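Worksheet for the structure shown next.
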Amino acid sequence: MSNGSQTVRVRKNAQQLGNGQDDLFWYAKAVAELKSRLFNDPTSWRYQAAVHGYNTAKDPDSGIGPFPRSQDQERFWSQCQHQTWYFLPWHRGYLAYFEQIVADAVVKVGGPPGWALPYWNYSGQNPNSRLMPDAFVNPTLADGTPNPLFVDGRNSSSNDFQLSDQIVSLQSLSHSPFAGDASGSDPGFGGPQTAFSHFGGTSGLLESVPHNVIHDAIGGLMGDPETAALDPIFWLHHANIDRLWEVWTHRDVSFVDPTDASWLTGVTFELHDSTGAIQSYTASQMLDTTAVLHGYAYDDISDPLRANPALLAFASRIQLMARLPHPPHLVATSKVPINLKVPITAAEVVFDKQTVQAAAQSLQALPTPRPPRVYLNLENVTGTGQPGTYEVYIDTPPPGQEPRPQNGYFVGLMSTFGLEAASRPGGPHAGSGLTTVLEITEQVQHLRSQNRWDESRLHVLFVKEPPPQMAQAMVRARAADVSVGRISIYYH
Ligand code: C2O
């Protein structure tokens with residue numbers, strides 16, 4: 001591949017590496033080298049992770065310095081963009097400079113130039129794709145020395161994190177537009193339109209699944225944004241998310257990145273390059289991967305949805321419900337915060353008759369009247385610990401009967417990745433927590449067709465099933481404390 005005259009580096013599937021002196025082999029050597037650098041060196045392993053997020057209380061090296069100057073910590077640390085349309089471009093720049101730092105270290109330890117960051121495609125066709133690449137799993141190498149790619153405390157000590165179909169789902173790739181509106185309806189493929197956003201608010205669809213839920217599933221350092229980038233698998237996870245953005249932009253001509261000036265150049269991000277010099281970038285410089293820094297491409301950006309007719313049919317049914325100008329209507333809310341207990345919590349959402357009517361009239365008045373697109377909002381989720389991911393179901397039991405997940409519909413996953421950062425009162429969103437938006441249009445249409453949609457009340461169930469054989473995950477789930485501030489339903 002080339003960007004005119006120059007050859008760009010190619011990021012490869014980690015599942016096809018791990019034999020001999022390839023990019024995975026040199027990654028381990030370079031990570032060991034980066035780990036030997038002092039904390040106040042911007043190219044050190046710990047500094048690079050702190051750029052994503054840092055919290056002294058969670059530092060596995062117990063806050064051992066030497067620390068950079070405090071004004072540098074404030075300027076360069078805890079910069080990761082989440083719950084925002086900057087999620088994808090910020091992480092693309094972060095990965096590119098990290099790749100440059102590792103590539104220089106590879107040469108320094110005797111490897112070849114042009115090293116590229118491998119990716120972990122957990123959603124691949126082959127079921128083995130869901131297994132964490134072996135290079136990350138063993139605490140020691142064949143010669144008995146510590147494995148630089150291993151970290152302690154993940155949810156599984158084997159390569160099997162029991163990633164379900166829902167966790168590795170690529171449904172988000174069928175969705176456009178890129179930008180969401182953060183008003184209770186479509187969160188967008190790439191996230192809602194916001195200002196600089198470190199943590200708090202609504203995740204875009206790709207960020208929710210598979211991004212957030214993979215963090216939850218791996219757990220340990222990966223389960224918290226303030227430590228996640230200390231786990232060497234973090235970078236392969238993000239290379240894959242970055243690759244999925246490439247897949248999305250190439251799969252359909254109508255799938256385009258935002259053209260708003262506020263997205264393209266509205267926020268400038270800063271970090272350090274491999275020489276330790278300060279560099280800055282905006283989203284506008286992150287659109288063409290062959291022109292990002294040294295230039296890179298992926299070995300495979302073919303469309304995985306082509307192999308999935310059911311998903312494509314679903315997507316086109318939903319996209320047919322044209323996005324005509326129609327304001328979202330808040331039609332139903334829960335009345336009290338919901339404390340999530342292991343393993344099942346049910347909550348009731350009550351409709352407001354007047355707004356239901358107003359929404360119906362407004363949809364009837366459209367040039368082409370249509371049923372509402374329906375969005376379930378799980379708002380202001382706050383708490384402590386790493387509770388992981390919840391399965392969310394809706395049910396409409398007859399009077400006097402308990403709601404049950406198996407009588408209703410599975411509507412999606414709710415991640416709690418970043419829960420603590422988003423719950424901190426001093427944080428940028430004043431501790432208002434995380435919000436997950438799930439589109440439930442299809443499920444509501446099924447309920448309607450069975451006369452089970454009465455628009456007076458709906459039950460929402462949160463199911464936390466600690467996977468069997470995951471003792472650590474169960475302990476964490478029990479220690480966690482998490483509540484949903486409000487559940488709401490919007491008709492759009
Ligand atoms: Cu900025 Cu996967 O996290």
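The values are calculated or read from the model by the stated rules, or taken from the named source; none is laboratory data. This is a predicted model, so every value here is computed, not measured. Heads up, the Cβs are rebuilt from the backbone with ideal geometry, glycines too, and the neighbour counts pull from every protein chain shown. The area values use the complete protein model at the heavy-atom level, side chains included, leaving out ligands, DNA and RNA. Shrake-Rupley method; radii C 1.70, N 1.55, O 1.52, S 1.80 Å.
Taking residue 121, is it open to solvent by 20 Å² or more (accessible area, probe 1.4 Å), more than 17 Å from residue 33 (Cα to Cα), in contact with a Lys or Arg (Cβ under 8 Å, 6 or more places away or on another chain) and at pLDDT 95 or above?
So residue 121 fits the description; yes.
Under 6 Å between Cβ atoms, which residue pairs at least 6 apart in sequence (or on different chains) link something in region 85-96 that is more than 11 Å from the ligand (Cβ to nearest atom) and aliphatic (A, V, I, L, M) with a partner that is open to solvent by 10 Å² or more (accessible area, probe 1.4 Å) and not in a helix (DSSP H, G or I)?
96/293
Looking at region 326-352, which of its residues are open to solvent by less than 30 Å² (accessible area, probe 1.4 Å), in a loop (DSSP other than H, G, I, E, B) and in contact with a Phe, Trp or Tyr (Cβ under 8 Å, 6 or more places away or on another chain)?
Listed by number, the list holds a single entry, 340.
Could you run through region 392-445 and say how many residues are open to solvent by 40 Å² or more (accessible area, probe 1.4 Å) and aliphatic (A, V, I, L, M)?
Residues in region 392-445 being open to solvent by 40 Å² or more (accessible area, probe 1.4 Å) and aliphatic (A, V, I, L, M): 1 in total.
Checking the conditions here, which among 22, 41 is open to solvent by 10 Å² or more (accessible area, probe 1.4 Å) and closer than 16 Å to residue 232 by Cβ?
Only one candidate passes the filter, namely 22.
Can residue 124 be described as more than 12 Å from the ligand (Cβ to nearest atom), on the phi > 0 side of the Ramachandran plot and of a type outside the set (A, V, I, L, M)?
no
Between a residue in region 42-55 that is assigned to a loop (DSSP other than H, G, I, E, B) and any residue that is open to solvent by 10 Å² or more (accessible area, probe 1.4 Å) and small (Gly, Ala, Ser), which pairs come within a Cβ distance under 7 Å, given they are 6 or more apart or on different chains?
Taking only residues 6 or more apart or on different chains, the pairs are 42/276; 43/274; 43/276; 53/78; 53/421; 54/78.
What are the residues in region 188-217 that are more than 10 Å from the ligand (Cβ to nearest atom) and part of a helix (DSSP H, G or I), if any?
205, 206, 208, 209, 210, 213, 216, 217
Take the residues in region 218-277 that are within 20 Å of residue 306 (Cα to Cα) and within 11 Å of the ligand (Cβ to nearest atom), then tell me which one is nearest to the chain's Cα centre (by Cα).
Checking each candidate, the answer is 241.
Got a number for residues in region 190-204 being touching a helix residue (DSSP H, G or I) at 6+ places or on another chain (Cβ under 6 Å) and farther than 24 Å from residue 281 by Cβ?
Summing the residues that are touching a helix residue (DSSP H, G or I) at 6+ places or on another chain (Cβ under 6 Å) and farther than 24 Å from residue 281 by Cβ in region 190-204 gives 0.
Quick one: what pairs do we get from region 143-158, first residue touching a residue at least 12 places away in the same chain (Cβ under 8 Å) and under 22 Å from residue 213 (Cβ atoms), second open to solvent by 50 Å² or more (accessible area, probe 1.4 Å) and outside any loop (DSSP other than H, G, I, E, B), C-beta under 7 Å, 6+ apart or different chains?
Once the first residue is touching a residue at least 12 places away in the same chain (Cβ under 8 Å) and under 22 Å from residue 213 (Cβ atoms) and sits in region 143-158, its partners that are open to solvent by 50 Å² or more (accessible area, probe 1.4 Å) and outside any loop (DSSP other than H, G, I, E, B) give 155/472.
Mind listing just one residue for me: the one in region 407-429 that is in a loop (DSSP other than H, G, I, E, B) and in contact (Cβ under 8 Å) with a residue 40 or more places away in the chain and, of those, farthest from the chain's Cα centre (by Cα)?
408
For region 78-96, does any single residue satisfy the condition of being more than 20 Å from the chain's Cα centre (by Cα), over 23 Å from residue 151 (Cα atoms) and either modelled with pLDDT of 95 or more or surrounded by 22 or more Cβ atoms within 10 Å (Cβ to Cβ) (or both)?
Scanning region 78-96 turns up no residue that is more than 20 Å from the chain's Cα centre (by Cα), over 23 Å from residue 151 (Cα atoms) and either modelled with pLDDT of 95 or more or surrounded by 22 or more Cβ atoms within 10 Å (Cβ to Cβ) (or both).
Considering each residue of region 266-303, count those that are open to solvent by 20 Å² or more (accessible area, probe 1.4 Å), among the small types (Gly, Ala, Ser), part of a helix (DSSP H, G or I) and in contact (Cβ under 8 Å) with a residue 40 or more places away in the chain, and give that number.
Within region 266-303, residues that are open to solvent by 20 Å² or more (accessible area, probe 1.4 Å), among the small types (Gly, Ala, Ser), part of a helix (DSSP H, G or I) and in contact (Cβ under 8 Å) with a residue 40 or more places away in the chain number 1.
Can you tell which of 244, 206, 170 is closer than 28 Å to residue 154 by Cα and touching a strand residue (DSSP E or B) at 6+ places or on another chain (Cβ under 9 Å)?
Of the residues listed, the single one that is closer than 28 Å to residue 154 by Cα and touching a strand residue (DSSP E or B) at 6+ places or on another chain (Cβ under 9 Å) is 206.
Listed here are the residues, each with its yes/no results for (1) within 30 Å of residue 246 (Cβ to Cβ); (2) among the aliphatic types (A, V, I, L, M).
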residue: 28; (1), (2): yes, yes
residue: 40; (1), (2): no, no
residue: 43; (1), (2): yes, no
residue: 49; (1), (2): yes, yes
residue: 53; (1), (2): yes, no
residue: 58; (1), (2): no, no
residue: 73; (1), (2): no, no
residue: 85; (1), (2): yes, no
residue: 89; (1), (2): yes, no
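Starting from residues that are open to solvent by 40 Å² or more (accessible area, probe 1.4 Å) and of a type in the set (A, V, I, L, M), keep the ones in region 44-77 and report whichever is nearest to residue 421 (Cα to Cα).
57
Of all residues in region 356-368, which are more than 33 Å from the chain's Cα centre (by Cα) and open to solvent by less than 70 Å² (accessible area, probe 1.4 Å)?
Correct list: 358, 360, 362, 366.
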